[in-house]
Each structure stands twice: as C-alpha cells, then as structure tokens.
Amino acid sequence: MSQILYLYAILFILILIIILLIRLYLNLKKEHELILHRKRSTEVKHGLSLENLFPYFKNYPYDPRNFRFLGDPVDGISFEDNKISFIEFKSGTSKISSKQKQIKQLIDSKKVEWKEIREI
C-alpha cells in the first residue's frame, strides 16, 4: 500500500513539474514574441531614418537634389535629365513588398503613363 502512495506522490509531483514547465514555456514564448516585435519595430524605424539619408550616400547613383520622397509604396522618384527612376531603399536583409513587386512589374512592362488632370 505504501508503494502505491509513493507512486501517486511521484506522479503528482511530476504533473506539477509539467504544469510549471508549460507555464514557464508560455511565459517565455510571450516574452520572445514581444522582443521580436520590438526588434522589428526598431528595424523599421532605423530603415525610415536611413531613407532620408540614402540620397546623400556616396553610392547613390543620381543627383540627390533631383530626388523626391514619397515614402509609400516606394521611397521616392529621381527626376534626372534623361530618365525618371523609381527608388526603393533597402538595408540589411529587407525585401520589397508584394505591392512594390507589382509596381516594378508595371514599370518593367512599360505600363507607365503621363496624365494631366485639370480642375474644372
């Protein structure tokens, strides 16, 4: 009889340990998600700050005075004497969005036009 009580006590302790470990895991998972969110937010803020400086970097191929910021869906447009370029600045491992891919495809397929709209 005492062996059965001993086994029940061990089983009870193991169940408590499992419950505590699950709670610890869930708390750590929540904390990890919060840290990842903060990291992504910081990366976005860093990227937005850099976007304002990119036209003045040495490797920027155009005259920075000809660049106009848009912000979204592309960072800007450079109006050069012989061409107009849509510019998207990226840092690190960031990639263009699906909307930016769609815009790039439209530009590559020459589906860009000039429209003059007058107020009546």
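Derivation of every value follows stated rules applied to the coordinates shown; laboratory data play no part. Just so we're clear, the structure is a prediction, and the values are computed from it rather than from any experiment. Every residue, glycine among them, receives a Cβ derived from its backbone with ideal geometry; neighbour counts consider all protein chains shown.
Taking 8 Å as the Cα distance limit and 6 or more residues as the minimum spacing, I'd like the relative contact order of the range 54-108 as a percentage.
After rounding, I find 21 percent.
Percent relative contact order of the chain, based on C-alpha pairs within less than 8 angstrom and at least six residues apart?
RCO, the chain: 11 percent.
How large is ³J(HN,Hα) for each residue in the range 79-85, as worked out from phi by the Karplus curve 6.51 cos²θ - 1.76 cosθ + 1.60 (θ = phi - 60°), to whole Hz, x for Gly and Pro?
Taking θ as phi minus 60°, the curve returns 9, 8, 4, 10, 6, 10, 10 Hz for the range 79-85.
Just report the Cα centroid separation between the range 82-110 and the range 50-72, whole Å.
14
Mind telling me which of Ile103, Ile19, Ile87 comes out most flexible in a GNM of the chain, alpha-carbon contacts under 10 Å?
Ile19
Given R₀ = 30 Å, what would the calculated FRET efficiency be for His32 paired with Thr93, taking r from the Cβ atoms and rounding to 0.05?
Given R0 = 30 Å and the Cβ-Cβ separation, E is 0.90.
Farthest toward the dipole's positive end in the range 17-102, which of Phe57, Phe86, Gln100, given Cβ charges of +1 (Lys, Arg) and -1 (Asp, Glu) about the Cα centre?
After comparing all options, I get Gln100.
Treating the beta-carbon of each Lys and Arg as +1 and of each Asp and Glu as -1, no other charges, what is the dipole magnitude of the range 54-108 about its Cα centre, to the nearest 20 debye?
200
Once you put a point 7 Å from the Cα of Val112 and another 7 Å from the Cα of Glu80, both along the Cβ direction, what distance in nm separates them?
Simple spin-label model gives 1.1 nm for this pair.
Using the Karplus equation 6.51 cos²θ - 1.76 cosθ + 1.60 (θ = phi - 60°), what ³J(HN,Hα) coupling, rounded to whole Hz, does each residue of the range 65-74 give in order, writing x for Gly and Pro?
Each residue of the range 65-74 in turn: 5, 8, 8, 10, 6, 10, x, 8, x, 10 Hz.
Sorted by packing (mean other beta-carbon atoms within 10 Å per residue), highest first, where do 49-55, 94-100 land?
So the order, starting with the most tightly packed, is 49-55, 94-100.
In nm, give the distance between the simple-model label positions of Leu14 and Lys45, each being 7 Å from the Cα along the Cα-to-Cβ direction.
4.8
Using bins 10 angstrom wide from zero, how does P(r) for the chain break down, in % of all Cα pairs?
10, 24, 20, 12, 10, 8, 7, 5, 2, 0
Treating only the Cβ of Lys, Arg, Asp and Glu as charged (+1, +1, -1, -1), what charge dipole size does the chain show about its Cα centre? Round to the nearest 20 debye.
280
Return the distance in nm (one decimal) between the two label points of a simple spin-label model at Arg65 and Lys104, each offset 7 Å from Cα along Cα→Cβ.
Distance between label points: 3.1 nm.
Could you tell me the number of lysine pairs in the chain with C-alpha atoms less than 19 Å from each other, where the two lysines are 8 or more residues apart or belong to different chains?
Count of close lysine pairs: 19.
One-quarter of the Cα convex hull surface for the range 54-108, in nm²?
4.2
Can you list the HN-Hα couplings for the range 5-18, worked out from phi with the Karplus curve (6.51, -1.76, 1.60; θ = phi - 60°), rounded to whole Hz and with x for Gly and Pro?
Rounded to whole hertz, the list is 4, 4, 5, 4, 5, 5, 4, 4, 5, 5, 4, 4, 4, 5.
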